Amino acid sequence: MPVETFANLLASNIGSLAFLLNPTPEFETFRVQPSAPPVEAEVPGDHLFGEWGRLRHKWSDHGFDFTVQYTGEVAGNVSGGVKRGTVYNGLLNVASDVNLEKAAGWKGGSFHAAMLFPHGRSLTDHYVNDLFVTSNLDASDNVHLFELWLEQGLFDGKFSVRAGVMAVDQEFAFTEQGVLFGASEFGWFPIAGINVTAPVYPQGAPGVRVKWQPSEFTYAQAAVVDGNVNPLDSAGRETNPHGVEFRFDEGALVLAEAGHKWKLHAKPGTLKVGGWYHTATHADVRLDNFGRSLADPLSSGLPRSHAGNWGLYLAAEQNLWKKKPADKASTRAVGIFGRLGYAPPDRNTLDLYAEGGVTSTGLIPSRDDDLCGLGVAYGKLSRDLRALGRDQNTFSGTSVPLPDHELVLELEYKIKAYRGCSVQPGLQYIVHPGGSAAVDDALVLSLRTVFDF
């Protein structure tokens, strides 16, 4: 198929970009998984088995809180993509939070540990071949160390330092409304997730994060973390599948973000501005070390090197409507969200990403706790990657569709079925899976269930 021709060109000519190709038994594609926060935060007191005979209350009074959550999802590609098919994915999330002031008298101290066990079959790899990845549960079938850190709060909580194993998708570049959506692009920002390696779901990495919050409305934070906790070997196998080995030899990832919150007629809003920088050497996507196109038969086949990689982003949310703001018993509301990101086109797969959406709580009057949303995500493949495809067509006399963009529309409706249990049907329509017209537009249906124990 045409997409294989283009991917094979990239695989053969851009050796140091091999981590973008992610080969599978059926095909190859210049995609890596942009990961998402795995599950939403649990609601206190809302558990399938209640409070464990008040044990949760007793432990919490002494500073110990626990999360045991299981997410299961059946999803199928019913039209387009590579072929039709259905998969199952699951995720076990076990975490503990310790308030060290309650537990040991350590003022301002806290501890967090989390383990994840994702399992299942990738709909993206085997049936859709999309760039963004259809499910944010999609990950290797291993037990992963997700987070293991200590945090110290200072100056009455206005300043904090966190150190240990951490996942940056838990604090940077996310929107709270985006948690509803099952597609990966609404979690960890694709302008970073597709272009560079980062410690995100399902595996964190050692690092340090500092945060300054002078008021309840304004904050600034920065982090430095291991830039690639789980590099692939020459055969494409993970070298640190459980996230418990730390080598610090694949560069560092530096992130910085500032945010401001407000209330517009009692309706909250948020704006975040941030950026990232990866210190590792990155290969040019089009030119070799002599300035020739990598598609040129006279090319050395060795891509030009760039010192580091970077990107910028904006994220915003605004609550537009809430039923009877003075009535705190009602959760019915409508909000909008959006994100925009840029990365230089000479060393990245994506150079522009944009998303937006609307969510509603209690759309049906008698269902105040139900949540629904419509999201749209657009990723533009880089100018230089498109030029490489054009060069290949010129030198080989072919007419392979050029890389252009991927567009995803997602509709989700989350139903609170029972205490500690939710059911969520979803629909995704994916235009140009993989970033070109080489693969037919795909329609994906899914059903997700979450249990909080």
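The values are calculated or read from the model by the stated rules, or taken from the named source; none is laboratory data. Model, not experiment: these values are computed from the prediction. Glycine gets a Cβ as well: all are built from the backbone with ideal geometry, and neighbour counts include every protein chain shown.
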- Message: Given (1) more than 21 Å from the chain's Cα centre (by Cα); (2) closer than 23 Å to residue 421 by Cα, identify the lone condition not met by residue 81.
- Response: (2)
- Item | Number of the condition not met by residue 363 [criteria: (1) in contact with a strand residue (DSSP E or B) (Cβ under 8 Å, 6 or more places away or on another chain); (2) over 26 Å from residue 174 (Cα atoms)] | (2)
- Item | Extreme residue, nearest to residue 144 (Cα to Cα), among residues of the range 285-301 that are hydrophobic (A, V, I, L, M, F, W, C) and crowded, with 16+ Cβ neighbours inside 10 Å | 285
- In the range 71-114, which residues are in contact (Cβ under 8 Å) with a residue 60 or more places away in the chain and not in a strand (DSSP E or B)? 82
- Message: Which condition from (1) out of contact with any Phe, Trp or Tyr (no Cβ under 7 Å at 6 or more places or on another chain); (2) closer than 30 Å to residue 361 by Cβ is the one that residue 269 breaks?
- Response: (1)
- Sole residue being acidic (Asp, Glu), modelled with pLDDT of 60 or more and not in a strand (DSSP E or B), chosen from 40, 26, 51: 51
- Query: Can you tell me which of 67, 71, 86 is in contact with a Lys or Arg (Cβ under 7 Å, 6 or more places away or on another chain) and either modelled with pLDDT of 80 or more or over 25 Å from residue 189 (Cβ atoms) (or both)?
  - Reply: 71
- Item | Pairs with Cβ under 7 Å, 6+ apart, first in the range 235-263 and closer than 14 Å to residue 166 by Cα, second in a strand (DSSP E or B) and of a type in the set (Asp, Glu) | 246/226; 252/226
- Query: So residue 282 fits all but one of (1) surrounded by fewer than 21 Cβ atoms within 10 Å (Cβ to Cβ); (2) in contact with a Lys or Arg (Cβ under 8 Å, 6 or more places away or on another chain); (3) assigned to a strand (DSSP E or B); what number is the exception?
  - Reply: (1)
- Checked the range 348-359 for anything part of a strand (DSSP E or B) and either modelled with pLDDT under 95 or surrounded by 20 or more Cβ atoms within 10 Å (Cβ to Cβ) (or both); matches are 350, 351, 353, 355, 357, 359
- Give 441, 370 a once-over and let me know the one that is surrounded by 16 or more Cβ atoms within 10 Å (Cβ to Cβ), acidic (Asp, Glu) and over 19 Å from the mean Cα position of the chain (by Cα). 370
- Within the range 164-182, work out how many residues are among the aliphatic types (A, V, I, L, M) and assigned to a strand (DSSP E or B). 2
- Message: Could you go through the range 264-279 and let me know if any residue there is of a type in the set (D, E, K, R), in contact with a Pro (Cβ under 9 Å, 6 or more places away or on another chain) and touching a residue at least 60 places away in the same chain (Cβ under 8 Å).
- Response: no
- From the options 443, 388, 447, residue that is more than 30 Å from residue 90 (Cβ to Cβ) and in contact (Cβ under 8 Å) with a residue 60 or more places away in the chain: 388
- Task: Tally the residues that are crowded, with 19+ Cβ neighbours inside 10 Å and hydrophobic (A, V, I, L, M, F, W, C), restricting the search to the range 109-165.
- Result: 14
